[in-house]
Amino acid sequence: MRLLVVEDEVDLARTLRKALEEEQFAVDVALDGDEALFQMTEISYDAIILDLMLPRRDGWSLLHALRQAGKRTPVLILTARDAVEERVRALDLGADDYLLKPFALTELLARVRALIRRASGDPSPTVMLGDVTIDTAARRVSRGENAIDLTAREYAVLELLARRRGTLVTRTMIWEHIYDEAEEHLSNAVDVHVSALRRKLGHDLILTRRGQGYIIDA
Amino acid sequence: MLESLRARLLLWYTSILVLVILAFGGAVCYLFWRSMLTGLDEDLRQQAQAIAGALRPGAADTFDLDLPEELMRSFQGDSRQYYVIWNAGGDLVDRSDPDVDVPVLEAAVSRSRTGVREVTVRAGGGATVLVGQETSELRRDVWVLGGTVAGAAVVALGLSLVGGWFLARRALAPIVRISRTAKAMSQGDLSARIAIDRTETELGQVALALNQAFDRLHDSLDRQRRFTADASHELRTPLSTLSLVVEWALARDRGAAEYRETLDTCQRAATRMRAVIEGLLTLARADAGEPVLRRVPVSLDQVAHEVVTLLRPLAERRKVDLTVSGAGAEVAGDPDLLRDVVTNLVSNAIHYNREEGRVEIAVWKEEPSACLQVADTGIGISSEDLPRVFERFYRADKARARDAGGAGLGLAVTRWIVESHGGQITCTSEVGVGTRFLVRLPLKAVAGPVQP
């Protein structure tokens, strides 16, 4: 899953990135409103973590622009300002959730996961695919009774396909959601991950549509 | 009821009105009565004279009375007039009617007895002629007059009471409005203002003054609220960085490098918080009106040079050219605070500048002030931000100053320092061109420094 963190406080942004990457998210960071707008419109993120007080373009106007552009990306607001009207305004402008600073990291992670779940239309943290069970909160996969070991990338690919089950996911989309902008990736990296998944979870799980992409059947 | 201003007003002037009417009416009736009496007296005297004229003393204290016909008639019937004649010895000589019984009266006076008025004249032969008249009719006339006056008075009173009630209510309505608005204001409705029709009246002036006071109160409460909100926000941000990075560090086992980095981040956050708190304390002291500060001779150009030395590394890092010029401006004040002022201005000038930009500091003497100017070729301040630039927590470019380690308090504190030294600070700027801050301080008096 790929996240955008919009926060002008450099230390905070850096720490968020480290913490989220440790949770297997691909993370891009924008330090001001203009940069954030550019990123948001170019890339489809799975969720955006947005600070309201930003230079060059504040959080509210970013939200407005995002929703005007028709993007449905879930947005979590981070703010130190506890005035109710400001949060209400942000929520009414299209934000999905907010957290007051200072916040607990664990809570941030849980809320982000919840947002992503809701956006994919599957509110349950546990996804069942035949005999494969994915616990998205704990990031654990099991097949039948057995726990299956997946690398971070493999898990990310699996979760992405599982969240979008029933719809076709192109290779490009997988790249975009697994890697952040700073990483270089090999063009066949996705194929490598998918083969590994097939090996570990069964060959019927992920179907290939030649020339187009992959799909997990609903 | 008597507490009401309106009722008291009404009571007072109604009482006065009643008194005036009574006095006036009473005077009128009295004067009327007296004038009637005077007329009557004249009448009676003429009658008496006529009778005296018709009286002829006879022999041995006897008199002959030969009254003309009409004269006789005026004493007959129901004329209520009568006459009595006495001789010199006070014996009755004649009277108009046997029923008339009048005590003796000496001549040439007039008197009133119960229900009658009598006048005497001297007649020939030492006789006294008295003519009297019952005054019942006269009396009745006066009573009628009195009654009319009283009736008119009652009507006037009634009208004035009613009219006065409404007039007082109209006149005092503004006071009721004022007191109601003031109560609303004191109970927390900060937007309550008195509606004023006309400001030239006395009450209009009061209302205007009160509205202005309410405005100032509202403003200062607003500023306080904003201050508290801004202050808590400014502290929360470094606090959340701190707690986040610590939580991250503790989430799993890490290496020394990561722990070191974490501690560095903590330190930076702590420094930020310290800066905010110190700025807040200074401003709180300023608000409490604490008096200044040391007063020793301070050479502004020396301070400028010190600051330049201190900030040159920063300027070089940001590729900004830093120059200082001028001399000969000595003021009396606190050297540390004045250095803070210059440091704040110069570091802002460096931070809000462009690469290859310039910061020029100039110091000079312009009687009676010492002047210090910090000019930069930076991004400038827009005309909407310019008046607010000295406000606490105000930041034109919201997060730039955070990099500088400031919290938006710098200029507010700077201004306070300058003003408590008896000086003033002004700012001119043009977006995209540059900004100029000018500080004027009173030159140190030639007589030595004043020790606290």
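The values are calculated or read from the model by the stated rules, or taken from the named source; none is laboratory data. This structure is a prediction, so every number in the text was calculated from the model and none was measured. Here the Cβ positions follow ideal geometry from the backbone for every residue, glycine too, while neighbour counts run over all protein chains shown.
A search for C-beta distances below 8 Å between a residue of the range A:6-21 that is more than 7 Å from chain B (Cβ to nearest Cβ) and any residue that is outside any loop (DSSP other than H, G, I, E, B) and acidic (Asp, Glu), counting only pairs 6+ apart in sequence or on different chains, returns A:6/A:51; A:7/A:51; A:10/B:403.
The rows are residues; the columns are (1) within 14 Å of chain A (Cβ to nearest Cβ); (2) outside any helix (DSSP H, G or I); (3) at pLDDT 85 or above.
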site: B:188; (1), (2), (3): no, yes, no
site: B:207; (1), (2), (3): no, no, no
site: B:221; (1), (2), (3): no, no, no
site: B:232; (1), (2), (3): yes, no, no
site: B:240; (1), (2), (3): yes, no, yes
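Taken over the range A:71-102, the criterion of being closer than 20 Å to residue B:247 by Cβ and either charged (D, E, K, R) or crowded, with 16+ Cβ neighbours inside 10 Å (or both) is satisfied by A:76, A:77, A:78, A:79, A:80, A:97, A:98, A:99, A:101, A:102.
Yes/no matrix, rows are residues, columns are (1) surrounded by fewer than 13 Cβ atoms within 10 Å (Cβ to Cβ); (2) among the hydrophobic types (A, V, I, L, M, F, W, C):
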residue: B:25; (1), (2): no, no
residue: B:29; (1), (2): no, yes
residue: B:38; (1), (2): yes, no
residue: B:49; (1), (2): no, no
residue: B:74; (1), (2): no, no
residue: B:79; (1), (2): yes, no
residue: B:83; (1), (2): no, no
residue: B:98; (1), (2): yes, no
residue: B:105; (1), (2): no, yes
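For the range B:242-288, the set of residues classified as at pLDDT below 90 and of a type in the set (Ser, Thr, Tyr) consists of B:271, B:282, listed by residue number. Take residue B:353 and decide whether it is in contact (Cβ under 8 Å) with a residue 60 or more places away in the chain, among the polar types (S, T, N, Q) and out of contact with any Phe, Trp or Tyr (no Cβ under 7 Å at 6 or more places or on another chain). Spelling it out, it is not the case that residue B:353 is in contact (Cβ under 8 Å) with a residue 60 or more places away in the chain, among the polar types (S, T, N, Q) and out of contact with any Phe, Trp or Tyr (no Cβ under 7 Å at 6 or more places or on another chain). Here the strands (runs of 3 or more DSSP E) wholly within the range A:120-197 that include at least 2 residues being β-branched (Val, Ile, Thr) and in contact (Cβ under 8 Å) with a residue 12 or more places away in the chain are A:132-135.
Taken as a whole, the range B:274-296 holds at least one residue that is among the polar types (S, T, N, Q), more than 8 Å from chain A (Cβ to nearest Cβ) and in contact with a helix residue (DSSP H, G or I) (Cβ under 8 Å, 6 or more places away or on another chain).
Between B:309, B:265, which is surrounded by 18 or more Cβ atoms within 10 Å (Cβ to Cβ) and assigned to a helix (DSSP H, G or I)? None of the others qualify; the one that does is B:265.
Yes/no matrix, rows are residues, columns are (1) under 28 Å from residue A:30 (Cα atoms); (2) surrounded by 11 or more Cβ atoms within 10 Å (Cβ to Cβ):
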{"site": "A:135", "(1), (2)": "no, yes"}
{"site": "A:142", "(1), (2)": "no, yes"}
{"site": "A:155", "(1), (2)": "yes, yes"}
{"site": "A:159", "(1), (2)": "yes, yes"}
{"site": "A:172", "(1), (2)": "yes, no"}
{"site": "A:178", "(1), (2)": "yes, yes"}
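Can you tell me which residue within the range A:63-112, out of those that are within 14 Å of another protein chain (Cβ to nearest Cβ) and farther than 26 Å from residue A:24 by Cα, is modelled with the lowest pLDDT? Taking the candidates together, the pick is A:82. Among the residues of the range B:63-119, those identified as touching a Lys or Arg at 6+ places or on another chain (Cβ under 8 Å) and basic (Lys, Arg) are B:111, B:117.
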